[in-house]
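Some notes on the structure that comes next.
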Amino acid sequence: MSETATSESVLSLENVSIGFDKGNVLDGLSFSVAPRETKILIGESGSGKTLILKLAAGLIQPDSGTVQMLGHDLGRMSERELLAFRRNIGFVFQEGALFDSLTVAENVAYCLREERVKEEDIEPRVRESLRFVEMEDTLEKLPAELSGGMKRRVSIARALVSRHAWFSMILLRRASIR
Amino acid sequence: MATTDPKLLQPNTISITGALSEGAKRWVLHVQEYALLSGRSVTRLFSPPYYVSDVLDQMDIIGVGSLPIVLLTGFFIGAVLVLQTAAQFERFGQTALTADVVSLALVRELGPSITGLLVAGRNASGMASELGSMIVTEQVDAMRAMGTDPVRKLVTPRMVATVLMLPLLTAMADFLGLIGGYIVSYFTLRLGAISFWTRAIDTLEFSDLMQGLTKPIIFGFIIATVGCYQGLTVKGGTQGVGRATTQAVVTASVFILVSNFFLTKLMLYLAGHVF
């Protein structure tokens, strides 16, 4: 994958390399995503798809190269700045990554409570978000009571519930793509 | 004629210095990472947001949850101390000194150490397995992705709760130990309540109480930071969580026992020069 990033790119990776004990997983990767563009990453297991998304969210830093998101160079930001910046991004993990000790409603409301949204405003927004993914009837269930697909839908609702999250990255497993 | 590759004839040797150097580097890295995590858990106390409800939850889990085993153990430690010392003091006709020994040993040394070890066994392992499971299931990454600092949300509340609860648990263990000691000394030495409790309380000085209640603060910090560090550095899935849990208990226990020696030395020095 090699593309030139334009100044309007929402996300751009320039010559990104990262490796672990068994060698480089990504080697000189460059690509960009324009506003309203959808990019699908296809590759075999272990080829670095999840890694690219984690790099894009600043959850990990590359060994070399630059990652720019919404005009910010993530490599130059401190962890404190990154934490504040990530509130603008919705991130759906492969297996949902729901907090297993919280109910579905509490999981979706998590971001809102972190943003100190008034309690009376939280419930309608949680219901609205869960209705969008057709999971409104699971409000009081724990993640352990949900199937894999349901967990991912709740995770999508959690990513979209924050109104700051106007840019979303959604990672879907092959089985979920129809 | 076919020739053999000379590289194949060389024995497959492992460089001892290389292995030692790698081991030392890994050890230094662990120390550095642990020190950084411990430091961050403290610095997060001085800036918002604060997770007060998480601190209260942890105080309930660590304090109230550990209370039964700490009380039971404290009682029997006090009781067995009397059994062990009574015979010695009887030989000199100084059975009343049993109260002094039980009181000093419990408040200065056994109360803090035993309570620390029990809470390490119960809570350092719990913290390591809980945070380790969160790492394995990407819940910590999800937290970071939603803009929450995991150190602030997960480590600092556990550290604060353990540091606050351990001195209280130690005080309870000391008290139950004295009750255990009194009951056994009443039945074995026929020591009266007034005689036992007067000696047990009068023998304690301010420096003894300082020693007995300062140590648990340090031990609490060790238990929480070691448990959280082991949990947050889990590698290798559920097997890794198991390893981290064991490692958390072993490391916290060793740290408690080693630091106890140096703390005792420091406290004795302070008792002689300050208090």
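The values are calculated or read from the model by the stated rules, or taken from the named source; none is laboratory data. From a predicted model like this one, the values you see are computed outputs, not experimental measurements. We place every Cβ from the backbone using ideal geometry, glycine too, and count neighbours over all the protein chains shown. Just so you know, the surface numbers come from the protein's heavy atoms only, side chains and all, with ligands and any DNA or RNA stripped out. Shrake-Rupley method; radii C 1.70, N 1.55, O 1.52, S 1.80 Å.
Key figures for this structure:
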quantity: Derived scalar couplings ³J(HN,Hα) [the stretch B:35-52; Karplus, 6.51 cos²θ - 1.76 cosθ + 1.60; whole Hz; x for Gly, Pro]; calculated: 5, 5, 4, 4, x, 5, 4, 7, 5, 5, 5, 9, 8, x, x, 10, 9, 5
quantity: Number of partner chain Cβ atoms within 10 Å, mean per residue of A:153-160; calculated: 1
quantity: Radius 13 Å from Cβ of B:S47, net charge of other residues (Lys, Arg +1; Asp, Glu -1); calculated: +3
quantity: Total formal charge among the other residues, if their Cβ is under 14 angstrom from that of B:R108, Lys/Arg +1 and Asp/Glu -1; calculated: -3
quantity: With DNA, RNA and ligands ignored, accessible area of B:S133 (1.4 Å probe; Å², nearest 10); calculated: 50
quantity: Heavy-atom accessible area, 1.4 Å probe, ligands and nucleic acids excluded: residues of the stretch B:141-174 down by at least 10 Å² from chain alone; calculated: B:D141, B:A142, B:M143, B:R144, B:A145, B:M146, B:G147, B:T148, B:D149, B:R152, B:K153
quantity: Solvent-accessible ranking of B:W27, B:W197, largest area first, probe 1.4 Å; calculated: B:W27, B:W197
quantity: Segment B:S207-B:T238, length gained on full extension (0.36 nm per residue, minus Cα span); calculated: 6.6 nm
quantity: With Cα atoms, 0 to 90° folded angle of helix B:193-202 axis to chain B main axis; calculated: 50
quantity: For the stretch B:1-155: rounded, prolate or oblate by the Cα gyration tensor [a/c cutoff 1.5]; calculated: oblate
quantity: Order of exposure, largest accessible area first, which applies to B:K25, B:K235, B:K153 with probe 1.4 Å; calculated: B:K235, B:K25, B:K153
quantity: Exercise: per-residue mean of other protein chain Cβ atoms within 10 Å, A:96-106; calculated: 3
quantity: Charge sum, other residues only, whose C-beta stays under 12 Å from A:L98's C-beta, Lys/Arg counted +1 and Asp/Glu -1; calculated: 0
quantity: Two-site FRET efficiency, B:A35 against B:F261, from Cβ-Cβ distance with R₀ of 22 Å, rounded to 0.05; calculated: 0.60
quantity: Degrees between helix A:148-160 axis and first principal axis of chain A (Cα, 0 to 90, nearest 10); calculated: 80
quantity: Whole-percent carbon and sulfur share, accessible surface of the protein assembly as shown, 1.4 Å; calculated: 61
quantity: Summed buried accessible area for A+B [probe radius 1.4 Å, Å², rounded to 100]; calculated: 1700
quantity: Antiparallel content of DSSP bridges confined to chain A, in %, to 5; calculated: 75
quantity: Length-normalised contact order of the stretch A:3-75 in % [C-alpha pairs under 8 Å, at least 6 apart]; calculated: 37
quantity: Rounded accessible area of A:H72 (nearest 10 Å², 1.4 Å probe); calculated: 80
quantity: B:S38 accessible area, assembled protein chains, probe 1.4 Å, Å²; calculated: 10
quantity: Sequence of B:Y50, B:Y186, B:Y34 when ordered by accessible area, the most exposed leading, probe 1.4 angstrom; calculated: B:Y50, B:Y186, B:Y34
quantity: Separation in nanometres of the label points that stand 7 Å from Cα toward Cβ, at A:S64 and B:I69; calculated: 5.1
quantity: Estimated FRET transfer efficiency (B:K25, A:E79; beta-carbon r; R0 30 Å; 0.05); calculated: 0.80
quantity: Residue-by-residue Karplus 3J(HN,Hα) for the stretch B:247-254, coefficients 6.51, -1.76, 1.60, Hz, glycine and proline x; calculated: 4, 5, 5, 5, 5, 4, 5, 5
quantity: Relative contact order (percent, whole number), chain A, Cα cutoff 8 Å, 6+ residue spacing; calculated: 21
quantity: Probe 1.4 Å, protein heavy atoms only - accessible area per residue of the stretch A:92-170 in square angstrom; calculated: 52
quantity: Among B:P216, B:P167, B:P49: highest mean-square fluctuation, GNM of chain B, C-alpha pairs under 10 Å; calculated: B:P49
